[in-house]
Amino acid sequence: PGMLNAVGTESSPITFTSFTGTSGGWGGILFDNGSDNGDAVSTMDWCNVNRAGYLSTLGFEANMRCYLTSQPTISNCSFNGSAVDGLILDGYLGEISDSRASLNQADGIVVQNSTITQLTRVEVSGNTDDGLTVANSPDLIVGGNAVSTCQLYGNDGYNLRVVAGTDTIDAGYN
């Protein structure tokens with residue numbers, strides 16, 4: 001188990017990016033089910049995660065992937081310029097606030113196999129495919145207490161795309 005506490009400030013954010021400066025130039029960040037072991041608590045606040053997304057056998061096809069975990073808590077972060085998706089939340093049970101996903105070459109944010117993902121004041125714009133894609137996430141609430149005051153606009157595909165296995169999305173308070 002491990003944990004990551006990346007806490008920057010508005011005037012001095014922490015940046016994770018490709019050494020070469022090209023999209024797809026590194027694998028990105030992965031939090032998996034081992035991220036919850038013991039007392040591990042991870043936080044990302046005021047971070048920029050950019051230009052990742054090469055396809056690998058480990059599933060790094062985004063700037064960041066959270067897989068079967070509640071880690072990390074994410075606030076004031078950006079996920080931009082990925083060669084594929086900006087942020088993948090697969091079985092993620094955590095919280096994201098005051099963050100953005102833009103200018104990614106596929107989807108901005110993908111939520112799949114999740115029931116309690118909380119998105120608050122998240123902006124998703126300018127992505128080549130869809131803004132927010134929700135799949136196999138029954139009764140995900142995209143409003144009220146779970147997803148509120150989000151802005152989904154200017155994506156080349158759908159701003160909000162709902163695919164198989166998602167029964168209800170409450171998109172109030174947006």
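The values are calculated or read from the model by the stated rules, or taken from the named source; none is laboratory data. Computed from a prediction, not measured in an experiment: that's the story for all the values here. Cβ atoms come from the backbone with ideal geometry, glycine included; neighbour counts cover every protein chain shown. The protein model used for the area step is the full one, side chains on, heavy atoms only, and it has no ligands, DNA or RNA in it. Shrake-Rupley method; radii C 1.70, N 1.55, O 1.52, S 1.80 Å.
Taking into account only those residues within the range 137-159 that are under 20 Å from LEU93 (Cα atoms) and of a type in the set (A, V, I, L, M, F, W, C), which is modelled with the highest pLDDT? First the steps, then the outcome.
Narrowing the range 137-159 to residues under 20 Å from LEU93 (Cα atoms): 137-150.
Filter once more, so that each one left must be of a type in the set (A, V, I, L, M, F, W, C): 140-142, 146-147, 150.
Numbers: LEU140: 57, ILE141: 51, VAL142: 49, ALA146: 56, VAL147: 58, CYS150: 84.
Going through the qualifying residues, I end up with CYS150.
Does GLY53 satisfy the criteria of being surrounded by fewer than 24 Cβ atoms within 10 Å (Cβ to Cβ) and more than 10 Å from the chain's Cα centre (by Cα)?
Details: surrounded by fewer than 24 Cβ atoms within 10 Å (Cβ to Cβ): no; more than 10 Å from the chain's Cα centre (by Cα): yes.
Here the answer is no, as GLY53 does not meet what is asked.
Do we have any residue at all in the range 37-50 that's open to solvent by less than 60 Å² (accessible area, probe 1.4 Å), modelled with pLDDT of 95 or more, among the charged types (D, E, K, R) and at negative phi?
Yes, the range 37-50 has at least one match.
With (1) hydroxyl-bearing (Ser, Thr, Tyr); (2) open to solvent by 10 Å² or more (accessible area, probe 1.4 Å); (3) at pLDDT below 90 as the list, and SER11 as the residue in question, which single condition is left unmet?
(3)
Going residue by residue through the range 37-56, is there one that turns out to be under 24 Å from SER137 (Cβ atoms) and among the acidic types (Asp, Glu)?
no
Given (1) farther than 22 Å from VAL134 by Cβ; (2) in contact with a helix residue (DSSP H, G or I) (Cβ under 9 Å, 6 or more places away or on another chain); (3) of a type in the set (Gly, Ala, Ser), identify the lone condition not met by GLY91.
Result: GLY91 passes all but (1).
For the range 99-136, which residues satisfy the criterion of being at pLDDT below 85, crowded, with 24+ Cβ neighbours inside 10 Å and outside any strand (DSSP E or B)?
Of everything in the range 99-136, just one residue is at pLDDT below 85, crowded, with 24+ Cβ neighbours inside 10 Å and outside any strand (DSSP E or B), namely THR117.
Go through the residues of the range 30-41 one by one and say whether even a single one is part of a strand (DSSP E or B) and over 17 Å from GLY108 (Cβ atoms). Give the derivation first.
Going residue by residue through the range 30-41, those that are part of a strand (DSSP E or B) are 30-31.
Retained after the next criterion (residues that are over 17 Å from GLY108 (Cβ atoms)): 30-31.
Yes, some residue in the range 30-41 is part of a strand (DSSP E or B) and over 17 Å from GLY108 (Cβ atoms).
From the list LEU87, LEU4, LEU93, LEU30, pick out the single residue that is crowded, with 20+ Cβ neighbours inside 10 Å and among the aliphatic types (A, V, I, L, M).
Working: LEU4 fails: crowded, with 20+ Cβ neighbours inside 10 Å; LEU93 fails: crowded, with 20+ Cβ neighbours inside 10 Å; LEU30 fails: crowded, with 20+ Cβ neighbours inside 10 Å.
Answer to the selection: LEU87.
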